[in-house]
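K.L.:
Handing you this structure, nothing more for now.
The values are calculated or read from the model by the stated rules, or taken from the named source; none is laboratory data. It should be emphasised that the depicted structure is a prediction, and the values quoted were computed from it without experimental measurement. We place every Cβ from the backbone using ideal geometry, glycine too, and count neighbours over all the protein chains shown.
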Amino acid sequence: MNSGLINANPIVYGKKERRARTAPVDVDEYAAEPIDQLEIFDHIRDIKDPEHPYSLEELKVITEDAIEVDDTKSHVRVAFTPTVEHCSMATVIGLCLRVKLMRCLPPRYKVDISVAPGTHATEAAVNKQLNDKERVAAALENPNLVDMVDECLAPSYE
Amino acid sequence: MNSADENFELREIQRLEGHTDRVWGVAWKPATGVNGVPAVLASCSGDKTVCIWEQSPATGSFQQKAVLEETHTRTVRSCMWSPSGKLLATASFDATTAIWEDVAGDFECISNLEGHENEVKSVSWNASGSLLATCGRDKSVWIWELLPHNEFDCVSVLQGHTQDVKMVQWHPSMDILFSCSYDNTIKVWAEDGDSDDWHCVQTLGESNSGHSSTIWALSFNTNGDKMVSCSDDLTVKVWGADIMRMHSGDGNVPWAHLCTLSGYHDRTIFSVHWSREGIIASGAADDAIRLFVESIDGLVGEPSYKLLLKKEKAHDMDVNAVQWGSTENSLLASASDDGTVKIWQLTSSS
C-alpha cells in the first residue's frame, strides 16, 4: 500500500485545540464580522492530504501563521509547506486549498496560494501554476482531478 | 486623438446577464454598429456556451439574440468573427475549434477543427479571412486554411513555445502571426518566401526588455506598426516595427520594445486592446479597466503613453477581456469572472 508514495512516512503532529468562535464558522456574506486568520484556518485545516489519511493540519502542511488575511482589501494569502521538497502532490494540495476557499469565501475575495519559501524544489514553477486561473479552470473540468479534490475536501465539510 | 484638454469618462451603458459562469471573451462583429447596422457582440464562457447580443436600433439597448450551445463540451475560452462577419470561430477547452455560420441570425456549426491534444485557448482570423490560427495547452500553434465550401485544411503546426500558448493574433494587414505564452515570450511567425513553410522569425523574451511572466494577450494599432502586450508581471508593453519594410514584403522585420507601462494594475493583466482611435484599454484581475493614450509630450522618436482614465471596480470580479467596437462609436465591451459582460461608452467633455 505504501509503495510508490512520495513521502511514505510523514511526521504526524497533533491537532490544535479548536478555539470557540463567536460567529458561526459558515461564512455569511451579509454578516458584518470581518473574516480573520482563524476563520480561514478553520476552513482548510481538515482538508485531507492527497496520499495520507491525515489532515493538512496534522502534517503541518498548513498552520494558522501561514495565512494572511486583509478583509478590507478582500485578500487572502496561504503559504503551505509540502512534507517533502520534491512533493509532486504540491499542485494538488494547492488546488484543494484554492477550491475550498473559492467555495466558502465571498466572491469579492482574491486568493493567492503558494508553497512557503524554500520548501519546494520547483517553488517558482509550482506557484506559477497554482495562480494561473486558466490552468485552474481547466483542471477543474477534469473529472479525475475533481474526484481527487472532492475526496480531500470531504473531511473539511464535516 | 488630442486628449490634452479633455476630461474622459467611461460610462457603463449596460450590463449583459445571461451566462451562468465566468465570461472569458468578447468579440464585436465587424461592420456592425455603423451605417444603420445594429451592433452585434459575441461572448464566450465557462458555461460552455457563446451568447450573441444585438443592439436595438430603437432603444440602443443590447438583447440576447442567440445562444450557441450543445457543441462545445467544456469552457469556450475565446471567439472571433471572420473579417466578413459571416463566420464565428470559437476555441474550447474540449480541444476543438468550432466554426459557426450566421444565416440570417441562425447560427449553425459548419465545422469542428480537431487536432490539438487538449485545451484550445485562442483563435484568430487573418486580415483576409483566408487563414485561421489556433493555439493551446499542448504548446503548439496551428494554422488552418479556409478552402471553398467552408472546408478547413491544417497547413502548419508550429512548435517552439516551451509552455502553453495563451493567445494567437494575426497582424492587421500582413500574414504574420504572433503568439504569446506561459513561457514569458512572444513569438513572431512568418511564411517562407520559397516554400509554404511557416517558421519562427523572432522571439521577444526578457532579454529583449520583454515580460518576466505569462503573457496573456496582445493587440495591434490600426497601422500595424505597433503592438501592445500584457502580462502576469503586472506590466503593459508597447512594441514597434518598421511597417514600410514589412509592406515591401520583408517578413523578418524585427519588433523592438518601445516602452513599459507599470504601476497601473496590481494583479494579473489579462487583456489589452488598441482602439481605432489609438486608445489602449487594459483589463485585469484587480477588477479594474485602464485606458492609455500616446502622450504628445513624448520626446521625438520615443513614444510614451499616459494614463487617460482608470475605472476601479469595473466589475465585481476579475476582468478577463476588453474589446473596443470595430467602428468609431467608442463602445468598449468587457467580460468578467462575475458572469457579466458590460458595454461602456467613452465620452469626453472639454
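K.L.:
For the stretch A:104-130, name all the residues that are among the basic types (Lys, Arg) and free of Cβ contacts under 8 Å to residues at least 12 places away in the same chain.
P.N.:
Here is the first cut: in the stretch A:104-130, the ones among the basic types (Lys, Arg) are A:108, A:110, A:128.
Selection gives A:LYS128 alone.
K.L.:
Also, quick follow-up: Would you point out the residue of the stretch B:240-272, among those that are more than 21 Å from the chain's Cα centre (by Cα) and hydrophobic (A, V, I, L, M, F, W, C), that is surrounded by the fewest Cβ atoms within 10 Å (Cβ to Cβ)? Spell out the reasoning first.
P.N.:
Applying the first criterion (more than 21 Å from the chain's Cα centre (by Cα)) to the stretch B:240-272 yields B:242, B:244-254, B:263, B:266.
Right, trim to hydrophobic (A, V, I, L, M, F, W, C) and you get B:244, B:246, B:253.
Working: B:MET244: 10, B:MET246: 20, B:VAL253: 21.
It comes out as B:MET244.
K.L.:
Return the residues of the stretch B:299-340 that are within 14 Å of chain A (Cβ to nearest Cβ) and touching a Phe, Trp or Tyr at 6+ places or on another chain (Cβ under 6 Å); say none if nothing qualifies.
P.N.:
Result: B:ASN320, single match.
K.L.:
Quick one: would you say A:GLU134 is of a type outside the set (A, V, I, L, M, F, W, C) and away from every other protein chain (no Cβ under 11 Å)?
P.N.:
Details: of a type outside the set (A, V, I, L, M, F, W, C): yes; away from every other protein chain (no Cβ under 11 Å): no.
Taking the combined requirement at face value, the residue does not satisfy it.
K.L.:
While we're here: Among B:ARG77, B:ARG11, which is farther than 19 Å from B:GLY325 by Cβ, in a strand (DSSP E or B) and either basic (Lys, Arg) or modelled with pLDDT of 95 or more (or both)? Spell out the reasoning first.
P.N.:
Values: B:ARG11 fails: farther than 19 Å from B:GLY325 by Cβ.
The match here is B:ARG77.
K.L.:
Being in a strand (DSSP E or B), within 12 Å of another protein chain (Cβ to nearest Cβ) and farther than 21 Å from A:ALA139 by Cα is the filter here, so list the residues in the stretch A:74-111 that pass it. If you could, list the steps in order and put the result at the bottom.
P.N.:
Taking the stretch A:74-111 and keeping what is in a strand (DSSP E or B), we get A:75-80, A:110-111.
Pick out the ones that are also within 12 Å of another protein chain (Cβ to nearest Cβ) and you get A:75, A:110-111.
Within the stretch A:74-111, A:HIS75 is the sole residue that qualifies.
K.L.:
If we keep just the residues of the stretch B:104-135 that are crowded, with 16+ Cβ neighbours inside 10 Å and at positive phi, which is farthest from the chain's Cα centre (by Cα)?
P.N.:
Looking at the filtered set, the residue picked out is B:GLY115.
K.L.:
Can I ask one more? Run down B:GLY224, B:GLY251 and say which single residue is of a type in the set (Gly, Ala, Ser), in contact (Cβ under 8 Å) with a residue 24 or more places away in the chain and touching a His at 6+ places or on another chain (Cβ under 7 Å). Before the answer, list the steps.
P.N.:
Working: B:GLY251 fails: touching a His at 6+ places or on another chain (Cβ under 7 Å).
From the options B:GLY224, B:GLY251, the qualifying one is B:GLY224.
K.L.:
Applying the selection to the stretch A:52-73, what residues are part of a strand (DSSP E or B) and surrounded by fewer than 17 Cβ atoms within 10 Å (Cβ to Cβ)?
P.N.:
Initial filter on the stretch A:52-73 (part of a strand (DSSP E or B)): A:55, A:67-70.
Result: A:GLU68, A:ASP70.
K.L.:
Same structure again: Has the stretch A:141-155 got at least one residue that is within 14 Å of chain B (Cβ to nearest Cβ) and of a type in the set (A, V, I, L, M, F, W, C)? Even if it seems obvious, please write down each step before you answer.
P.N.:
Of the residues in the stretch A:141-155, the ones within 14 Å of chain B (Cβ to nearest Cβ) are A:141-146.
Restricting the remaining residues to those that are of a type in the set (A, V, I, L, M, F, W, C) gives A:145-146.
Within the stretch A:141-155, one or more residues are within 14 Å of chain B (Cβ to nearest Cβ) and of a type in the set (A, V, I, L, M, F, W, C).
K.L.:
Okay, next question. Search the stretch B:66-79 for residues that are away from chain A (no Cβ under 14 Å) and buried (at least 18 other Cβ atoms within 10 Å of the Cβ) and pair each with any residue that is in a strand (DSSP E or B) and among the hydroxyl-bearing types (Ser, Thr, Tyr) when their beta-carbon atoms are under 6 Å apart and the residues are at least 6 apart or on different chains.
P.N.:
Correct list of pairs: B:CYS79/B:THR90.
K.L.:
Next up: Within the stretch A:33-41, is there a residue that is in a loop (DSSP other than H, G, I, E, B), under 24 Å from A:PRO107 (Cβ atoms), modelled with pLDDT of 95 or more and under 14 Å from the mean Cα position of the chain (by Cα)?
P.N.:
There is no residue in the stretch A:33-41 that is in a loop (DSSP other than H, G, I, E, B), under 24 Å from A:PRO107 (Cβ atoms), modelled with pLDDT of 95 or more and under 14 Å from the mean Cα position of the chain (by Cα).
K.L.:
The conditions are (1) surrounded by 16 or more Cβ atoms within 10 Å (Cβ to Cβ); (2) closer than 21 Å to B:CYS180 by Cα; (3) of a type in the set (S, T, N, Q), and B:THR340 fails exactly one of them. Which is it?
P.N.:
(2)
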